[in-house]
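Notes follow once the structure below has been shown.
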Amino acid sequence: MTLLRQAKLYDVCIVGSGAGGGMAAYMLTKAGADVVVLEAGQPWDNGRDSAMLTWPYESPRRGKSTQERPFGEFDACIGGWEIPGEPYTRAPGTEFSWWRARMVGGRTNHWGRISLRFGPYDFKRKSRDGLGDDWPIGYEDVAPYYDKIDRLIGIFGSAENLPNEPNGVFQPPPRPRCHELLVKQAADQLHVTCIPARLSILTRPLNGRAACHYCGQCNRGCKVNANFTSTNVLIAPAVATGKLTLLTNAMAREVLVDAGGRATGVAYVDKATGTDRRVRAKVVVLAASALETARLLLNSKSSLFPNGLANSSGTVGKYITDTTGTDVAGFIPKMMDHVPHNHDGVGGMHLYMPWWLDNAKLDFPRGYHIEVWGGPNVPSYGFGGGIHRYPSGGGYGTQLKNDYRRYYGATIGFSGRGEMIPNDDTYCEIDPRTVDRWGIPVPRFHWKWTDHEYKQVKHMQETFRALVAAMGGAVFAPMPTAEQGYGIAAGGVIIHELGGARMGDDPKTSVTNRWCQAHDCKNLFVADGAPFVSQADKNPTWTILALSMRTSEYITDQMKKGAL
């Protein structure tokens with residue numbers, strides 16, 4: 001394989017432009033570093049490329065999903081669980097799907113903006129229940145960076161002073177909509193904590209960005225940048241410094257090292273031409289997403305690192321997790337024949353339910369939070385789930401049209417998002433026989449839920465059904481059985497994969513240290529979800545951003561000292 005070498009030596013090469021890579025690019029360029037970012041996907045700009053305010057009827061597909069946009073043709077994120085020419089494999093008996101975004105900004109272009117801090121308990125779970133492992137850092141180490149990203153990016157919410165749901169630097173939250181008021185009443189009746197949601201969407205102008213105008217289409221990409229994406233909130237300002245070189249359609253192949261074991265750059269494929277190229281840098285930061293980073297490390301083999309780079313512990317690709325998930329929706333008669341009114345809001349929930357119970361009194365060890373959805377959204381392909389699910393069962397002509405109007409918005413649903421505990425049967429490795437279209441070996445996934453997760457999801461199902469009943473509604477589907485895993489989503493479906501290069505103080509049992517710096521290669525860092533020691537009952541993006549900011553400050557400090 002001939003590599004076309006770039007003569008320029010950058011201070012830092014970052015692989016990936018999502019939450020972690022975008023934050024690293026922002027922080028390091030602001031500190032004066034000369035940075036190059038390798039992004040495997042295509043260019044994207046919310047102001048130019050978003051389908052915001054496009055009516056579904058303007059497309060013959062009415063918003064139906066496409067191969068490269070599984071969440072709908074207007075969705076901002078280009079990618080999916082299956083990408084042509086980029087296979088992955090599953091071990092026998094494994095149900096796992098691997099989402100990859102292929103665009104500048106990565107998954108931050110379509111996520112739900114649920115921006116939750118990990119709490120004090122989340123960093124020290126083993127000390128509390130004996131399961132998994134503690135992080136080498138605590139909430140107090142990350143809290144200052146949560147504060148900084150709150151102020152930089154913007155988040156709405158409310159100060160509730162809950163023990164494991166830390167307060168933030170919040171903008172005012174939007175008021176609950178009609179369906180959310182019904183949910184709040186039901187939650188209060190069942191003694192389930194229900195508070196304003198915490199989303200990275202501006203309700204007040206911030207740092208030159210406009211406040212949300214409540215079109216409710218955050219997933220399409222916001223043309224005024226009122227919500228957070230790495231693309232326009234982090235990468236664009238980094239480019240404006242003149243210190244960032246952004247290389248798109250650049251598929252990383254391996255991290256290169258010298259005879260002393262130091263990282264010297266990254267070999268990548270120029271997808272436009274199929275040419276193998278190389279970029280040189282004094283420091284390498286991997287932020288390709290947790291499992292892509294693990295793949296990259298495992299594929300970076302040399303005489304010094306025969307089992308993959310930074311893998312002397314044998315733990316690269318191990319201790320991977322995803323959020324547990326299940327959903328329940330119901331028909332709520334109180335939402336029928338509603339009086340037309342302004343129910344505008346953000347593209348997401350205005351209320352949510354953080355974990356409210358004591359696991360010591362339950363038959364599963366870790367908790368979950370509840371996301372709320374429903375009400376009268378813009379009708380598009382598949383809206384309502386089909387009129388046959390409602391009491392009239394369908395019809396023709398005038399009756400059918402009237403039924404659609406009467407039942408429109410009369411669905412309310414709940415999604416549980418819970419903590420999985422790492423286990424020895426869940427990991428990724430390199431498949432010895434399968435490569436992608438560029439000849440890069442692909443990962444093979446092993447996945448296993450345990451009773452901890454199954455019992456947790458059973459509790460979700462029972463709670464959601466009780467909430468629907470408390471609103472006077474009826475669920476659309478029967479309770480899933482134990483044989484059906486109580487409706488648990490397959491691994492990877494929730495798209496919160498973490499681990500694979502976990503941090504720790506002991507190089508024999510971890511890949512990175514408390515600064516997300518590889519134990520085996522001191523000028524190699526990881527700034528995505530791979531260093532996470534554990535999941536939490538919270539979406540991980542806010543913690544990825546905070547840790548990336550923390551790691552970037554450390555890199556800057558170490559470079560100034562000449563230590564790298």
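The values are calculated or read from the model by the stated rules, or taken from the named source; none is laboratory data. Given the structure is predicted, the values throughout are model-derived calculations rather than measurements. In this analysis, Cβ positions are derived from the backbone assuming ideal geometry, glycine residues included, and neighbour counts consider all displayed protein chains. Areas reflect the complete protein model, heavy atoms only, side chains present, ligands, DNA and RNA absent. Shrake-Rupley method; radii C 1.70, N 1.55, O 1.52, S 1.80 Å.
Listed values, structure above:
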{"read-out": "Candidate lysines - alpha carbon under 19 Å from Lys126, same-chain residues fewer than 8 apart omitted", "value": "Lys318, Lys361, Lys508, Lys538"}
{"read-out": "Solvent-accessible area, 1.4 Å probe, carbon plus sulfur percent, for the chain", "value": "51 percent"}
{"read-out": "Contour minus Cα-Cα distance for Val239 and Ala259 (0.36 nm per residue)", "value": "3.9 nm"}
{"read-out": "Rg [Å, one decimal], Dmax [Å, integer] - the stretch 23-69, C-alpha atoms", "value": "17.1, 49"}
{"read-out": "Cross-link partners of Lys334 among lysines (Cα-Cα below 18 Å; sequence separation of 8 or more within a chain)", "value": "Lys184"}
{"read-out": "Rg/Rg_globular for the stretch 414-515, with Rg_globular taken as 2.2 N^0.38 Å and Rg from C-alpha atoms", "value": "1.46"}
{"read-out": "Cut-off 13 Å between beta-carbons: net charge of the residues surrounding Pro422, Lys and Arg +1, Asp and Glu -1", "value": "-2"}
{"read-out": "Distant-in-sequence amide H partners of Arg278 (H built 1.01 Å from N, under 5 Å)", "value": "Leu4, Gln6, Tyr268"}
{"read-out": "Gly347 long-range amide H proximity, modeled H, under 5 Å", "value": "Gly216, Gln217, Cys218"}
{"read-out": "222 nm mean residue ellipticity, helices alone, for the chain (DSSP H n ≥ 4; -39,500 (n - 2.57); rounded to 500)", "value": "-6000 deg cm²/dmol"}
{"read-out": "Debye intensity ratio I(q)/I(0), log10, the chain, q values 0.07, 0.10 Å⁻¹ (C-alpha model)", "value": "-0.39, -0.82"}
{"read-out": "Compactness index (Cα Rg / 2.2 N^0.38 Å), the stretch 371-463", "value": "1.78"}
{"read-out": "For Glu254, residues with placed amide H under 5 Å, excluding near neighbours", "value": "Ala267"}
{"read-out": "In order through the stretch 265-271: 3J(HN,Hα) via Karplus (6.51 cos²θ - 1.76 cosθ + 1.60), integer Hz, x for Gly, Pro", "value": "x, 9, 8, 9, 9, 6, 4"}
{"read-out": "Computed over the chain: relative contact order in percent, which uses C-alpha pairs under 8 Å that are six or more apart", "value": "23 percent"}
{"read-out": "The chain, accessible area per residue, ligands and nucleic acids excluded (1.4 Å, Å²)", "value": "39 Å²"}
{"read-out": "Evaluated over the stretch 200-326, the Cα radius of gyration and Dmax, each in Å", "value": "19.2, 56"}
{"read-out": "Signed unit charges on C-beta, dipole axis of the stretch 481-564, positive-most listed residue Gly499, Ala489, Val526", "value": "Val526"}
{"read-out": "Rounded, prolate or oblate (a/c below 1.5 giving rounded, otherwise prolate when a/b exceeds b/c) for the stretch 92-241 by Cα gyration tensor", "value": "rounded"}
{"read-out": "Hits among lysines - C-alpha to C-alpha of Lys271 under 26 Å, sequence gap 8 or more where chains match", "value": "Lys8, Lys243, Lys282, Lys301"}
{"read-out": "Length-normalised contact order for the stretch 173-273 - Cα pairs under 8 Å, 6+ apart - percent", "value": "14 percent"}
